[in-house]
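*Asks:* Structure in structure tokens, see below.
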Amino acid sequence: LNLACIVSTYHQTFPERPKVRYSTIRIFNCLTMCFLIICVLVGYARLESEAHLKDALAARQTGDWQKLRSEIDKADSPFYRLDPASVPLAWYRGIANYSMGKFGEALDDFKRAYQIHPNHIHVLNNLGTSYAQAGDNENAAKYYKKALDVWPEFAEAQINLGVIYFHMGDFAEARRILMPLGRNHEDVRVSVYQQFIEHKMDEPI
């Protein structure tokens, strides 16, 4: 409306300006209508994805992993890759597959989520965990480190990295990472692996 008022005022101020040819106006109107139709289609697709995402999040709360995966499949589209919190939809699918024991599919999902959002700490952490599940400790450590590069105080990734170093036989690095977390950490793995590390470090060479 503002633009229409400006154009109207302009033509009243400069009435001698030559009129635009009708064919030009028709082409402009056609292009505008095509653009608006595309906007409507994309908006409708995103609205549908939002509805399926809502059902997926409800399924996640109840632990219904099959429904979570099904709803995410319906929500995922070229127009809707991230939820409003910038979490890739592929990450939710990966969580569902991992929880159902489908570790290979989960790894593929987390890889796809990483391509969509390579700086999301939970994507990086879960991708590292999937590599660890597959026995690829080198890649697991790589992605745990990436998560800590994004947020150095991310305790879950820190613990996972320390555990990975322990299983790789690098007890000194595992100790450096896990010991500062203290003995009474809420994650029971910390105290358990601290004891393992101390035992390994005390063993005679």
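*Asks:* hydroxyl-bearing (Ser, Thr, Tyr), open to solvent by 60 Å² or more (accessible area, probe 1.4 Å) and either in contact with a His (Cβ under 6 Å, 6 or more places away or on another chain) or free of Cβ contacts under 8 Å to residues at least 12 places away in the same chain (or both) - does that describe any residue in region 58-68?
*Replies:* Going through region 58-68, the residues hydroxyl-bearing (Ser, Thr, Tyr) turn out to be 62.
The next check asks that each one be open to solvent by 60 Å² or more (accessible area, probe 1.4 Å); those that pass are 62.
From the residues that got through so far, the ones that are either in contact with a His (Cβ under 6 Å, 6 or more places away or on another chain) or free of Cβ contacts under 8 Å to residues at least 12 places away in the same chain (or both) too are 62.
Yes: region 58-68 contains one or more residues that are hydroxyl-bearing (Ser, Thr, Tyr), open to solvent by 60 Å² or more (accessible area, probe 1.4 Å) and either in contact with a His (Cβ under 6 Å, 6 or more places away or on another chain) or free of Cβ contacts under 8 Å to residues at least 12 places away in the same chain (or both).
*Asks:* In addition: Residues that are crowded, with 19+ Cβ neighbours inside 10 Å, among the aromatic types (Phe, Trp, Tyr) and not in a loop (DSSP other than H, G, I, E, B): does region 185-194 have at least one? First the steps, then the outcome.
*Replies:* From region 185-194, those crowded, with 19+ Cβ neighbours inside 10 Å are 190, 193-194; that's our starting set.
Cutting the leftovers down to among the aromatic types (Phe, Trp, Tyr) gives us 193.
Still in the running and not in a loop (DSSP other than H, G, I, E, B): 193.
Within region 185-194, one or more residues are crowded, with 19+ Cβ neighbours inside 10 Å, among the aromatic types (Phe, Trp, Tyr) and not in a loop (DSSP other than H, G, I, E, B).
*Asks:* A further question on this structure: Can you pull out every residue in region 157-173 that is modelled with pLDDT of 95 or more and open to solvent by 30 Å² or more (accessible area, probe 1.4 Å)?
*Replies:* Within region 157-173, Gln158 is the sole residue that qualifies.
*Asks:* Given the criterion at pLDDT below 90, out of contact with any strand residue (DSSP E or B) (no Cβ under 8 Å at 6 or more places or on another chain) and under 24 Å from Ser99 (Cβ atoms), identify the matching residue among Asp136, Asp187.
*Replies:* Numbers: Asp136 fails: at pLDDT below 90.
One residue alone meets the criteria, Asp187.
*Asks:* Right, another one. If I filter region 175-182 for residues that are surrounded by 14 or more Cβ atoms within 10 Å (Cβ to Cβ) and in contact with a Gly (Cβ under 7 Å, 6 or more places away or on another chain), do I get at least one hit? Before you say what the answer is, go through the steps one by one.
*Replies:* Step one: filter region 175-182 for residues surrounded by 14 or more Cβ atoms within 10 Å (Cβ to Cβ), giving 175, 177-179, 181.
Next, from what is left, pick out any that are in contact with a Gly (Cβ under 7 Å, 6 or more places away or on another chain): 177-178.
Yes, region 175-182 contains a residue that is surrounded by 14 or more Cβ atoms within 10 Å (Cβ to Cβ) and in contact with a Gly (Cβ under 7 Å, 6 or more places away or on another chain).
*Asks:* Does Glu71 meet the test of being in contact with a Pro (Cβ under 9 Å, 6 or more places away or on another chain), among the acidic types (Asp, Glu) and either open to solvent by less than 100 Å² (accessible area, probe 1.4 Å) or not in a helix (DSSP H, G or I) (or both)? Walk me through it before giving the result.
*Replies:* Numbers: in contact with a Pro (Cβ under 9 Å, 6 or more places away or on another chain): no; among the acidic types (Asp, Glu): yes; either open to solvent by less than 100 Å² (accessible area, probe 1.4 Å) or not in a helix (DSSP H, G or I) (or both): yes.
So Glu71 does not fit the description; no.
*Asks:* Follow-up. Which one of these does Gly104 not meet: (1) over 21 Å from Leu68 (Cβ atoms); (2) exposed (fewer than 15 other Cβ atoms within 10 Å of the Cβ)?
*Replies:* (1)
*Asks:* Among the candidates Ala85, Ala90, which residue alone is under 26 Å from Asn160 (Cα atoms), out of contact with any helix residue (DSSP H, G or I) (no Cβ under 9 Å at 6 or more places or on another chain) and either modelled with pLDDT of 95 or more or open to solvent by 30 Å² or more (accessible area, probe 1.4 Å) (or both)? Steps first, answer last, please.
*Replies:* Values: Ala90 fails: out of contact with any helix residue (DSSP H, G or I) (no Cβ under 9 Å at 6 or more places or on another chain).
Criteria check complete, one pass: Ala85.
*Asks:* Does Asn137 qualify as being among the polar types (S, T, N, Q), farther than 21 Å from Gln66 by Cα and more than 15 Å from the chain's Cα centre (by Cα)? Spell out the reasoning first.
*Replies:* Values: among the polar types (S, T, N, Q): yes; farther than 21 Å from Gln66 by Cα: yes; more than 15 Å from the chain's Cα centre (by Cα): yes.
In short, yes.
*Asks:* For region 25-45, indicate whether the set of residues that are within 29 Å of Phe154 (Cα to Cα) and open to solvent by less than 50 Å² (accessible area, probe 1.4 Å) is non-empty. Break it down into steps so the answer makes sense when it comes.
*Replies:* We begin by selecting, within region 25-45, every residue within 29 Å of Phe154 (Cα to Cα); these are none.
No: region 25-45 contains no residue that is within 29 Å of Phe154 (Cα to Cα) and open to solvent by less than 50 Å² (accessible area, probe 1.4 Å).
*Asks:* Sticking with this structure for a sec: Consider only pairs whose beta carbons are under 6 Å apart and that are at least six residues apart or on different chains; among these, list those whose first residue lies in region 182-205 and is over 17 Å from Met168 (Cα atoms) and whose second residue is open to solvent by 50 Å² or more (accessible area, probe 1.4 Å) and at pLDDT below 85.
*Replies:* Between residues of region 182-205 that are over 17 Å from Met168 (Cα atoms) and residues that are open to solvent by 50 Å² or more (accessible area, probe 1.4 Å) and at pLDDT below 85, the close pairs are Ser191/Arg183.
*Asks:* Now a separate question. When you scan region 74-89, how many residues do you find that are among the aliphatic types (A, V, I, L, M), touching a His at 6+ places or on another chain (Cβ under 9 Å) and assigned to a helix (DSSP H, G or I)? Don't jump to the end; show me each part of the working.
*Replies:* Step one: list which residues in region 74-89 are among the aliphatic types (A, V, I, L, M), which gives 75, 82, 85, 87, 89.
When the remaining residues are screened for being touching a His at 6+ places or on another chain (Cβ under 9 Å), the result is 75, 82, 87.
Adding the requirement that they be assigned to a helix (DSSP H, G or I) leaves 75.
Of the residues in region 74-89, 1 are among the aliphatic types (A, V, I, L, M), touching a His at 6+ places or on another chain (Cβ under 9 Å) and assigned to a helix (DSSP H, G or I).
*Asks:* For region 162-174, enumerate the residues that are assigned to a helix (DSSP H, G or I) and small (Gly, Ala, Ser).
*Replies:* Result: Gly162, Ala172, Ala174.
*Asks:* When His52 is evaluated against the numbered criteria (1) in a loop (DSSP other than H, G, I, E, B); (2) open to solvent by less than 70 Å² (accessible area, probe 1.4 Å), which criterion, by number, is the only one it fails?
*Replies:* If we test His52 against (1) in a loop (DSSP other than H, G, I, E, B); (2) open to solvent by less than 70 Å² (accessible area, probe 1.4 Å), just (1) comes out false.
The values are calculated or read from the model by the stated rules, or taken from the named source; none is laboratory data. Here the structure is a predicted model, which means the values were calculated and not measured. Backbone-built Cβ (ideal geometry, glycine too); neighbour counts: all protein chains shown. Only protein heavy atoms, including side chains, enter the accessible area calculation; ligands, DNA and RNA are left aside. Shrake-Rupley method; radii C 1.70, N 1.55, O 1.52, S 1.80 Å.
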